[in-house]
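> Have a look at this one.
Only the coordinates and a few stated rules stand behind these numbers; no lab work does. In this text the structure is predicted, and so the values were computed from the model without any measurement. Heads up, the Cβs are rebuilt from the backbone with ideal geometry, glycines too, and the neighbour counts pull from every protein chain shown.
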Amino acid sequence: MWGRHSIRRYPIGNMSVRVRFAPSPTGLLHVGALRTALFVQLFARNQGGKLFLRIEDTDRSRYNPASEQEFIETLNWVGITFDEGPHVGGPHSPYRQSERKEAGIYAPLAQQLVDAGHAYPAFDTADELTEMREIQQINKQPTGYFGGKWRDATPDMVEAAKAEGKPYVLRQRVPRGIKITVEDAIRGRIEFESDTLDDSVLIKTDGMPTYHFASMVDDHLMETTHIMRGEEWVSSSPKHALLFDQFGWPRPTFIHLPVIVGSDGKKLSKRHGATRVLDYMAQGYHPHALKNFVALIGWAPGDDRESMTEAELIAAFDLRGLQPSPGKFDLEKLRWLNGHQIRQMTIDELLENLLRYVNDPYVKSYWNAPDSDGDIPNPEVWPRLERLAGAAAGDIEYFKAALALEQERVQTLADFGEALEFFLVEQPAMDEKAVKKWLTQPHVPALFEHIIANPGSTTEHYDALLRAYGEANGFEKLGPIVHPTRVALTGKTFGPGLFELMALLGPARVEARLRRALAAD
RNA sequence: GCUCUGGUCGUCUAGCGGUUAGGACAUCGCCCUUUCACGGCGAAGAUCGCGGGUUCGAAUCCCGUCCGGAGUACCA
């Protein structure tokens, strides 16, 4: 009689899609969770369905009150917003499981399961359970509660224990000797022998439901059509599917997303860049670039597109493009995508993004936070970024022109700090090596005097001036003219075109810096 | 241990019985050029984890095997 439930499949039909992102508020939002949220969002929007947020806070001991805020803020930064959730309400309120428990949603349903014989009370103590597991391990048997002394306890035993006031949990009664087949949208059919599944706790002694119970009950109550979650859940998916069957509820479609691992194939960690999504913001990544990048780990549009807009991502999203194998996080590709994103912006968009970036309090605290050794990883970054905010408040046209000259040369917003420095500081730091190589050449003083004697303010002026000087003085190539001048003006050997940069700097700065270089000789 | 699950260039991937196994990032070279980038062009890079089988033909189907990963909690 049980087999019937295990193989029955309930068509989703044309119910409209409802999907959810259901994190446990225990810590920070990391990139793996972001990817899940992103796929859920892309799927919902592609299908024209509804997307909701549910907070799975059934573990009081691990609850972190700052966490929910972190999730919402971070998701908001990347542009993932919810149709329903604890912060916006909705037809299935409340959206926090602790509140749902208080509202008495779970208890009657648990009782319903007990009455139907699909769940039973178990009075084992923590010590008894530990001992049981130890014995199982010694005997090399699977660990878990495969019946214990309470699965088949007589009503008298149960009554006696209850009368004694012993605390108890409610466990799911997994039928024996059947196959449970779970249909996973990515992996296809997954078969489990019910005998390998233990009787999980559904309701804890304090009356709080476990994930197994609360999540499935809520998914049914909230009319979830597709359960998208991390692949760490596939092992327990037969219990979840079974629970739907035991309630007589239609099973939603299960979609287990593969994990994202670091470049070494191990769990993603600080060494690979960052695990906290907000840290990518602090490092100057554009939310869309991060999204675009993360979407491409474990999913492909089916054609060769790499850089896609939000609308393209939504239009192209398809469950069939999902990959079953774990994906590695390749920071280089993220950097490329980010540079690409920066180059696609207009100057005004770029300026807006940059200003929002440098004025964000988290960016400041990120770059000033000591690492585990107590050091600031790169103490030069923040002072430079801070200077950008000040400079933009001054001559905005000058700032935008400088921004335009560096736009093609950076990969992150943070890179602008260093790239723009010589435009904003009257006496930029000099690269020692470059000074030694270029400013010591004998023709340099005369060259600089010539430039000072012929001030101008256009690219064309300096282009013509320096070319003519080179020809008149027998230089076959422009290098000996251009390089020393660049070093004197910027302190560096690389950067935007020299003539553009001179025109923007203007004759006063050009003269001051050339004189400084002459004096240093 | 047991149960699931994954395995195509360094990386992300296309591929669905017949392809010189395609693209992108990274790498290298050339072009552009005053440098660095950007952009363009090109090269190198995968006997499709390994071994059998089915087939005229296999990365694609079947079996086995190896190596990863996850789960095995009154955590999610």
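> Which chymotrypsin sites (Phe, Trp or Tyr not before Pro) does the range A:250-342 hold that lie in a coil by DSSP with at most 12 other beta carbons within 10 Å? Please report the intermediate quantities before stating the final value.
Details: sites: A:PHE254, A:TYR280, A:TYR285, A:PHE293, A:TRP299, A:PHE317, A:PHE329, A:TRP336; in loops: A:TYR285, A:PHE317, A:PHE329.
Counting only loop positions with at most 12 other Cβ atoms within 10 Å, none of the chymotrypsin sites (Phe, Trp or Tyr not before Pro) in the range A:250-342 qualifies.
> Taking H placed 1.01 Å from N in the peptide plane, check which residues at least 5 places from A:ILE55 or on another chain put their amide H under 5 Å from its amide H.
Those lying under 5 Å, H to H, from A:ILE55 are A:ARG96, A:GLN97.
> Still on this model: Rounded to the nearest 0.05, what FRET efficiency do A:GLU380 and A:THR143 give with R0 = 60 Å and r taken as the Cβ-Cβ distance? Could you check?
Working: r = 53 Å, r/R0 = 0.88.
FRET efficiency, A:GLU380 to A:THR143: 0.70.
> Report the extension gain between A:GLU99 and A:ARG387 in nm, rounded to one decimal, defined as 0.36 nm multiplied by the number of residues separating them, less their alpha carbon distance.
Details: separation 288, 0.36 × 288 = 103.68 nm, distance 4.67 nm.
The span from A:GLU99 to A:ARG387 would gain 99.0 nm if fully extended.
> Okay, next question. By counting other Cβ atoms within 10 Å of each Cβ, how are A:VAL88, A:VAL114, A:VAL410 ranked from fewest to most? Write down the numbers at each step before the final one.
Working: A:VAL88 14, A:VAL114 17, A:VAL410 21.
The most exposed by this proxy come first: A:VAL88, A:VAL114, A:VAL410.
> Let me ask something else. Using alpha carbons only, how many angstrom separate the centre of the range A:248-298 from the centre of the range A:159-206?
The distance from the Cα centre of the range A:248-298 to that of the range A:159-206 comes to 31 Å.
> Which FRET efficiency value, to the nearest 0.05, do you get for A:SER61 and A:ALA468 by plugging their Cβ-Cβ distance into 1/(1 + (r/R0)^6) with R0 = 51 Å? Don't skip to the answer; put the middle values down first.
Numbers: r = 78 Å, r/R0 = 1.52.
That gives a FRET efficiency of 0.05.
> With each label point set 7 Å from Cα along the Cα-Cβ vector, what nm distance links A:ARG176 and A:ALA446?
10.3 nm
> Sequence gap at least 6, Cα distance under 8 Å: using those rules, report the relative contact order of chain A to the nearest whole percent. Present the calculation step by step, with values, prior to reporting the outcome.
Values: 714 pairs, mean separation 64.6, N = 521.
Result for chain A is 12 percent.
> Write out the trypsin sites (Lys or Arg not before Pro) in the range A:150-222 meeting two conditions: DSSP loop, and at most 16 other Cβ atoms within 10 Å of their Cβ. Intermediate values should be presented prior to the final figure.
Working: sites: A:ARG151, A:LYS162, A:ARG171, A:ARG173, A:ARG176, A:LYS179, A:ARG187, A:ARG189, A:LYS204; in loops: A:ARG151, A:ARG173, A:ARG176, A:ARG187, A:LYS204.
Listed in order of number, the matching sites are A:ARG151, A:ARG176, A:ARG187.
> What is the extension gain from A:ASP360 to A:LEU221, computed as 0.36 nm multiplied by their sequence separation minus the C-alpha to C-alpha distance, in nm to one decimal? Can you show the working numbers first?
Details: separation 139, 0.36 × 139 = 50.04 nm, distance 3.94 nm.
The A:ASP360-A:LEU221 span can extend by a further 46.1 nm.
> What ranking of A:THR224, A:THR493 emerges when the number of other C-beta atoms within 10 Å of each C-beta is taken as an exposure proxy, fewest first? Could the numbers behind the result be given before it?
Details: A:THR224 23, A:THR493 13.
In order of increasing Cβ crowding within 10 Å: A:THR493, A:THR224.
> Zone of A:ASP395 (label point 7 Å along Cα→Cβ, backbone N under 18 Å): which residues in the range A:442-464?
Counting backbone N atoms under 18 Å from the label point, the list is A:452, A:455-462.
> Considering amide H positions built from the backbone, and no H for Pro or chain starts, which residues 5 or more places from A:VAL261, or on another chain, come under 5 Å of its amide H?
Residues meeting the amide H criterion: A:GLY327, A:LYS328, A:PHE329.
> Quick check on chain A: helices-only [θ] at 222 nm, where DSSP H runs of length 4 and up contribute -39,500 (n - 2.57) each and the sum goes over total residues. Nearest 500, please.
Numbers: 23 runs with 245 residues, N = 521.
Dividing the helical sum by the residues of chain A leaves -14000 deg cm²/dmol.
> Please list the non-local residues whose amide H lies under 5 Å from the amide H of A:ASP199, H modeled 1.01 Å from N, same-chain partners needing a gap of 5 or more.
A:TYR145, A:PHE146, A:GLY147
> What is the distance, in nm, between label points placed 7 Å from the Cα along the Cα-to-Cβ direction at A:GLU432 and at A:VAL158?
It is 8.1 nm.
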